[in-house]
Every structure is written in C-alpha cells, then in structure tokens.
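The values are calculated or read from the model by the stated rules, or taken from the named source; none is laboratory data. Keep in mind that what you see is a predicted model, and the values were worked out from it rather than measured. A quick note on method: Cβ atoms are made from the backbone with ideal geometry, for glycine too, and the neighbour counts reach across all protein chains shown. Only protein heavy atoms, including side chains, enter the accessible area calculation; ligands, DNA and RNA are left aside. Shrake-Rupley method; radii C 1.70, N 1.55, O 1.52, S 1.80 Å.
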Amino acid sequence: MTALVELRGVERVYPAVRPVTALRPTNLAVRSGDWLAITGRSGSGKSTLLQILGLLDRPTSGAYLLDGADVAGLSDRERTRLRASRIGFVFQAFHLMPHRSALDNVTVALMYNRCPRRLRAARAAEALDRVGLGGRVGAMPNTLSGGERQRVAVARALSIRPDLLLADEPTGNLDSATAEEVLTLFARLHAEGQTVLMVTHDPQIAARAARRVQVVDGTVREVRPDA
Amino acid sequence: MRDLVEEALAGVGARVNRTVLTALGVVVGIAALVATLGLAATASARIVSHFDELAATSVTVLPSPDAGPQRAENLIPWDAAERASRLTGVVAAGTMSTLDLPETPVRATTVVDPLASDVVRPPLVAASPGLFDAVQARVAVGRAYDRGHEARRDRVVVLGGRLAERLHLADVGQSPAVFVGDVPFSVIGVLVSVERSPALLDAVIMPDGVAHARFRLAAPLSVVLRTRVGAAAVVASQAPLALAPQQPDALIAQRPAEPNATRAKVAADTQALFLALALVTLVIGAVGIANTMLVSVLQRTGEIGLRRSLGGTRASVAALFMVESALVGLLGGVLGSSGGVLTVVGVSYVREWTPVMQPWLAPGSALLGAVVGLLAGIYPAWRASRVEPIAALRTDG
C-alpha cells in the first residue's frame, strides 16, 4: 500500500544573508488512517514541516508525494485547489468568524471546496453532528465554550471530507478538560479511518497519537511507542 | 460570484455601525452631487416651462424678409387685429409698429433747455388698442386708449413705466402732456409691467390712427397674437392667410426666441462650483473608505489566513475586500442619492417649484458611490492579497 503522504529528502532553507535551514533533508511517510503527532520545541522546525505538509509552503528541495503524485512543484493556484479539496486545517486560535453562526463558519470551507450550494447546509450540519454539535448549528461563536469552538473548527475541516487533517497545536488554547474533549474526538476520527497529523509541543498530548515523530533542530526522528 | 457577494455582505453587515460611518463621506458627496444637479434641472425646467408657456401661446406675424421693401409697406391691413381675432384660438390680438423716427425727442415740457434732463429719445410705437391685452400689459395709473381714441385720432399716449419715471410723470391724474417732436400728446396711462414685450416699458405708445396721420405710418408692421394654450401652431399657420389673403406667402408667423442665455450661463457657473465641492467631498469619502478598509485588513489577518488555508486564492481574497468596499460605497451612494432627492423635493416644496430630475440621476449617483467604493478598495484589497496565510494563522483571532 502506497503512503498517503511521503516526503523524500525534503529540505527548507530560508534565504538570508546567512541562510537559515529550518528543515534538514527529511524522509517521512504517513499511511492513510495514521494518527501522527509531531513534537518539538518552538523553533525546532515542526511548524515548517506542517506548512510544507499543508501545502502552505514549498520545500527548497526534495519531493512531496501526496497520494503518489509530486505536489512540491505545483503552482500557487494548483496547491490552493488541493488545499481546498484534500486538506483540512485546525488551528490553535480556532479562527472562527465571530459574526457568523457555527453552521456558516463550516459552510465557508464548503464554498471554497466548490461544493454545490444546495448541498452545503446539509453537509455542514452533518460535519457538526459528527463532532457532537448537531444541536448547536445556529450558535454564534461567542456563545460557545473553548472546546466547542475548537470542535466547530474541526467540523469545518472535516466538512470537505479531507484526505488529511492537519492540526496545529489544537489544544494550545484549551484547559486540560476541554483539551481531552478534542483529543477524544481525534481518537474517534482516527478509529473511523481519518488520517490525522497533529503538531504539539506537549509530550502528554503527543502520547495520545498512534505514532510520534520528534523534530530537533530541523531533523525529524521517529519516536518508538515504548520510548 | 454569488458566493463572493454573499460573503462580502456578511462582512459588511457584521459591522453595521462602522459601515454606516465609513460610508458617511460618500453619503455627503453623493447627496451634494444629486442636489446640485437636481436643483439645476429644476431651475432650468422652470425657465423652460415659462418659455414653453409663452411659446405655446404667442404668435407674431411679420412681413417676410423675402417679400421686398416695396411690398412689405402695405401688407398688413389696418384692421389686422380684428381679422386675427376671428381665428379660432386667438385670445387677444393687436398691431404693433415701431416708428422709424430715431432722432425724435420726447420731452415733458415745451421749454427747450439744453441742460434739461427730461429730454429722451425713446422708441415710438404705434399700436391698436388690442395690443395691451395681447402682450399682457398692466396699466398702473390711468388707462389704456380704446377704439374711440383710435377712430377720433386723439392725440393720446400710454407711456412705459420706466420711461414715465425718467420723465418724472408718475401722476397721470393731472393729465400731463409730452411732446413727441413738436406734437403735444396727453398721457392717459402708464404701464407697470409687460409680460410678453418688456421693451414697451421704455416706449411711447400711441394709437395707429394718430401715427398714420401725424407720422405717416403707411400700415402696421406686425401683429401680435395671444392664443389659447396649444393653439399657437394652428393660429400661426392660418394667420398669414387671414391677414393677407391675396399674398399669404409674404407674411411669416413667428414664435418667441430662445430664453435669455446669460441667465443659463450664470446658473452653469454656480453649478460648476457646487459640483466641484461635491467631487472633493467624494474624494474625501473615498479616502475614508480606503482608510477603514485598510484597518479592516489588519484586523482580519486571521480570517484572511483562514480563507487562504481553506482554498481561497490571493485573487479571491482581494475580490472579497473590493466587493466589501464597493458595497460600503453603494450604501453611501443610495443614502446620499436619497438625501439629494429629498433636498431637491424639499427646496422645490418651499419655493413652490416643480422638482425636475433626470431619471438616471438617482440610480446613476448610487452606482457612482459603488464605483468610488470600488476604487477606494483597490489598495486595501491588494494588501489583503499579500497576507501570508501561515503568519496570519499564528496570530490570535
């Protein structure tokens, strides 16, 4: 079985007077259905890795195979289309639009996904139902708790039925109880076969994932489950 | 496209107060523009409608210039006014002839005093009694002459109000005399206003018969007709035949000339000033919108980053801000246009005018607001399209 995501010798160097190597040549394979946690201190290069995986940044060299096709050299527009159709993002700061209902916040993703208008509301409601917010579709973000807001963000990411769910510090703004809420959700999505990549600096959160890699000074290392 | 407009509407609608305040500059600019153009149209329509009313009811019959000097002499019969009155649609008719006696002095006393200020050389006009009604002259003191004066060839005159003032002849009750050349005439009336031929206010007006006897007027030189509204065209076509059946082609029937162009020019100058002010206000309004949109871009970097990560292109983000800006401008345009129309109607109501506006003015100026908004949005939209998604997504918000 081919990997859903495969990095072959991917390197990222930021041009400057003294170029900064954020990511040394890296090989990484993620199979469909994996739940991978990427850990590392701030400045270690884990964010760079996530940006490249999320097609928000381009590697300086190396190949990025998404479902077997090299996407590293695609144009801005083509990568944007891939983001809209195959990758769901969840952010630390939720990034919900404050004046729009939970349903509308999810629908925006479907709009960029070019989902037909008549299907959007139903699919958004379905996604909210999937994260346990089926009864709160009309709620405004300021009436939701932190955990609920992040679940709306997860629903927004899931609504487009992405191949890859990328979460950047998804529990960073949450207390431990609500963080647990989100992690439980991720565990369930993983059980349902959703591929999840999660960046976190917290080893305890990372431990919940099925697989872990650690980024240290731009080098990615696999962490054995028993380590 | 529909998605884009809906998203922009949601963006604008989410901040109603700010949107309205932002649009204020455009509101004022557009209102000033609409009010200026509307009031100008209303005022000129007033001039035109006044002119139209005259045009629709005035006909002057003259010898045709092609007829030659000889034939022109005796073309119009002395009973022209009577003949013309029999035409359907004619309300009043009178002959009017300016006597060709340029150097004839008119004075109020017999004493020839070289230093006297009461010697003037006014136009001398011979007219049938019907002329006063035909030109809508109003007699302030005394009376106009009648057919009796005419038949008896009485030496009476009616003076224009301005001429009477120059001759110091305000009081007709004392039957003052004026001397036209050396011939004395009794002043029996003074005109205060002449609706259709204001030049008569400076003239000495005498009966046709006297002019014929004393100043060798061979025949009337023109016939002035006042008709019922709308009848002027028909009367104009029939009058030459009625007045000169043997050679109707030698007469022409004229309508009044164009209204005073100077007045229109003054109006245009004032209008240009107000239009310039309106445009300056619009520019200020555009700067206001641009400023607010720029702040909005900075405040919404998170949202911009999110849209990019969800699959929004740089172009779609730029388009969103452009459309939002255009919507703010459109709102300003609609409010301003309404305000301008209300101003025109209000002023017209107070001045008892009929408000007149070009049909495209209200919708056109509202659209102009949208265009102003669109232009104002260009730079903020460009800035929004430059936002890097990852940097934006790392910020709170």
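Values for this structure:
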| read-out | value |
| --- | --- |
| Residue in region B:370-382 that is of a type in the set (Phe, Trp, Tyr) and touching a Lys or Arg at 6+ places or on another chain (Cβ under 8 Å) present | no |
| Residues satisfying the stated conditions in region B:6-19, i.e. more than 9 Å from every other protein chain (Cβ to nearest Cβ) and surrounded by 15 or more Cβ atoms within 10 Å (Cβ to Cβ) | B:ALA8, B:VAL12, B:THR19 |
| Residue match in region B:335-349 (condition: in a helix (DSSP H, G or I), more than 28 Å from the chain's Cα centre (by Cα) and surrounded by fewer than 22 Cβ atoms within 10 Å (Cβ to Cβ)) | yes |
| Odd one out for A:GLN92, checked against (1) at pLDDT 90 or above; (2) under 28 Å from A:THR200 (Cβ atoms) | (1) |
| Residues (out of contact with any Ser or Thr (no Cβ under 8 Å at 6 or more places or on another chain), within 20 Å of A:ARG120 (Cβ to Cβ) and of a type in the set (Val, Ile, Thr)) located in region A:139-168 | A:VAL152, A:VAL154 |
| Residues located in region B:85-100, provided they are open to solvent by less than 60 Å² (accessible area, probe 1.4 Å) and more than 22 Å from B:TYR145 (Cα to Cα) | B:LEU87, B:GLY89 |
| Restricting region A:63-81 to residues that are in a helix (DSSP H, G or I) and crowded, with 20+ Cβ neighbours inside 10 Å, the residue that is nearest to the other protein chains (Cβ to nearest Cβ) | A:THR80 |
| Residue in region A:68-79 that is at pLDDT 85 or above, touching an Asp or Glu at 6+ places or on another chain (Cβ under 9 Å), farther than 19 Å from A:ALA157 by Cα and not aliphatic (A, V, I, L, M) present | yes |
| Matching entry among B:ALA32, B:ALA41 (being modelled with pLDDT under 85 and either outside any helix (DSSP H, G or I) or more than 24 Å from B:SER128 (Cα to Cα) (or both)) | B:ALA41 |
| Filter result for A:HIS99 (open to solvent by 50 Å² or more (accessible area, probe 1.4 Å), at the interface with chain B (Cβ under 10 Å from one of its Cβ atoms) and not basic (Lys, Arg)) | yes |
| Contacts under 6 angstrom Cβ, first residue in region B:146-161 being under 24 Å from B:LEU201 (Cβ atoms), partner open to solvent by less than 60 Å² (accessible area, probe 1.4 Å) and acidic (Asp, Glu), 6 or more apart | B:GLY160/B:ASP202 |
| One residue from A:GLU148, A:GLU181, A:GLU126 being of a type in the set (D, E, K, R), open to solvent by less than 40 Å² (accessible area, probe 1.4 Å) and not in a loop (DSSP other than H, G, I, E, B) | A:GLU148 |
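Results for (1) more than 20 Å from A:THR195 (Cβ to Cβ); (2) more than 14 Å from chain B (Cβ to nearest Cβ), shown as yes or no for each residue.
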{"residue": "A:VAL17", "(1), (2)": "yes, yes"}
{"residue": "A:VAL30", "(1), (2)": "no, yes"}
{"residue": "A:LEU36", "(1), (2)": "no, yes"}
{"residue": "A:SER42", "(1), (2)": "yes, no"}
{"residue": "A:SER47", "(1), (2)": "no, no"}
{"residue": "A:LEU50", "(1), (2)": "no, no"}
{"residue": "A:GLY54", "(1), (2)": "no, no"}
{"residue": "A:ARG58", "(1), (2)": "yes, no"}
